[in-house]
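The values are calculated or read from the model by the stated rules, or taken from the named source; none is laboratory data. Small disclaimer: the values here were computed from a predicted structure and weren't measured. Every residue, glycine among them, receives a Cβ derived from its backbone with ideal geometry; neighbour counts consider all protein chains shown.
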Amino acid sequence: MFLTVSGANTYLASVPERYTCAAELDSTYNLPPMTHLLEVKDLSKHYKHIKAVDGISFSIPAGICFGLLGPNGAGKTTTIEMIEGITAPTSGEIHYRGQPRNRQFAQEVGIQFQQTALMDYLTVEETLELFQSFYASSLPLEQLIEMCDLQEFTAQFSTKLSGGQKQRLLLALALINNPEIIFLDEPTTGLDPQARRNFWRLVEDIKQQGKTVILTTHYMDEAEALCDYLVIVDHGKIIAEGSPQDLLNEHFNGACITLDKHSFTLDAQQLDLDIHIGEDQIEIFTGSVEHTIAQLIDKGAKLDSLSVRQPSLEDLFLKLTGHRLRS
């Protein structure tokens, strides 16, 4: 998604007045009882020959980090754009605070787009002041600057910031109206590991304030670290949803044994094991590490490169969609 500064007011004025929705998180996902802030029911977006989104439903309680994951072309970006009001759905309903969305939603939502063009020759502080003027009420600039760690470069031109600094500024712009819901669309793409983790800390701080975060990401460790609840979509439909740990417990039993592919000389088809062959590694998912290792030793497998780990969201995504999540 891409937004210019001049387009911000246009977006605020263009949010449709209609929409509705529903769906509930099951208590088995061990989330504390909360009010559903946003509800989506039977949401669809059809183009001439493509069903980009095909009748999905979910609801988001207040105060959690909600992750929407899916491979490229799965429909997640289209879903987010419909919720934000950028794209009109073909059918379906979206409710905010139990009511059809209206202009109140536009004033109470913050969006950090994947790409945002900032004005040349405006400093960080001047950019914040510009966006502050778009809203009837906003947070004090001093609070935003401190919240997003912008103190050291408020007098610097926005276009001269590093990747991590720019993302922190864009987060501040998303928070400027003190929103109830913050959309973060691939917020750490292209950042180095330290900058990513610094950004995660800012998101955790936002969650501590009771705000609701809706995150799309290509990083499984990011989803696992930040998200309380996940919806995974593919081909326009929801294929799995739940808390990260509950999803792992549902789809995996036990551990994952990994071996170097080049040293694995056995015929995988001759082994009664759940084996996945990757580019560089052999992965074996098992409920009994001891039994599986004993079986490999009995077959004469080389175990010099063997390691054992717990299944991850990356494993889950690969199992459900057939390929890894990547940009």
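Filtered by the rule that a residue be of a type outside the set (A, V, I, L, M, F, W, C), touching a residue at least 40 places away in the same chain (Cβ under 8 Å), over 15 Å from Leu259 (Cβ atoms) and not in a loop (DSSP other than H, G, I, E, B), the range 281-314 gives a lone residue, Glu314. Selection within the range 64-93: residues that are over 22 Å from Leu226 (Cβ atoms) and among the small types (Gly, Ala, Ser). The member of this set that is modelled with the lowest pLDDT is Gly73. It is to be established whether one or more residues within the range 253-266 are over 28 Å from Cys227 (Cα atoms), crowded, with 16+ Cβ neighbours inside 10 Å and either of a type in the set (Gly, Ala, Ser) or touching a strand residue (DSSP E or B) at 6+ places or on another chain (Cβ under 7 Å) (or both). Yes, because at least one residue in the range 253-266 is over 28 Å from Cys227 (Cα atoms), crowded, with 16+ Cβ neighbours inside 10 Å and either of a type in the set (Gly, Ala, Ser) or touching a strand residue (DSSP E or B) at 6+ places or on another chain (Cβ under 7 Å) (or both). Exactly one residue out of Ile275, Ile257, Ile297, Ile284 is β-branched (Val, Ile, Thr) and farther than 27 Å from Ala240 by Cα, and it is Ile297.
To keep it simple, each residue is scored yes or no on (1) without any contact (Cβ under 8 Å) to a residue 60 or more places away in the chain; (2) touching a strand residue (DSSP E or B) at 6+ places or on another chain (Cβ under 8 Å).
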{"residue": "Ile64", "(1), (2)": "no, yes"}
{"residue": "Leu68", "(1), (2)": "no, yes"}
{"residue": "Glu81", "(1), (2)": "no, no"}
{"residue": "Thr90", "(1), (2)": "yes, yes"}
{"residue": "Gly98", "(1), (2)": "no, yes"}
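Candidates are the residues of the range 84-125 that are of a type in the set (A, V, I, L, M, F, W, C) and in a strand (DSSP E or B); the one that is surrounded by the fewest Cβ atoms within 10 Å (Cβ to Cβ) is Ala117.
Can Glu108 be described as acidic (Asp, Glu) and touching a residue at least 60 places away in the same chain (Cβ under 8 Å)? Yes.
Residues checked against (1) more than 23 Å from Gln156 (Cα to Cα); (2) more than 16 Å from the chain's Cα centre (by Cα):
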residue	(1), (2)
Leu173	no, yes
Ile176	no, yes
Glu180	yes, yes
Gly190	no, no
Phe199	no, no
Ala225	yes, no
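Residues of the range 150-177 that are touching a residue at least 40 places away in the same chain (Cβ under 8 Å) and surrounded by fewer than 17 Cβ atoms within 10 Å (Cβ to Cβ): Thr159 alone. Out of the residues in the range 49-70 that are outside any strand (DSSP E or B) and crowded, with 20+ Cβ neighbours inside 10 Å, which is farthest from the chain's Cα centre (by Cα)? Only one residue fits best here, namely Ile64.
Annotation: of all residues in the range 267-280 being surrounded by 11 or more Cβ atoms within 10 Å (Cβ to Cβ) and not in a strand (DSSP E or B), the one that is modelled with the highest pLDDT is Leu273.
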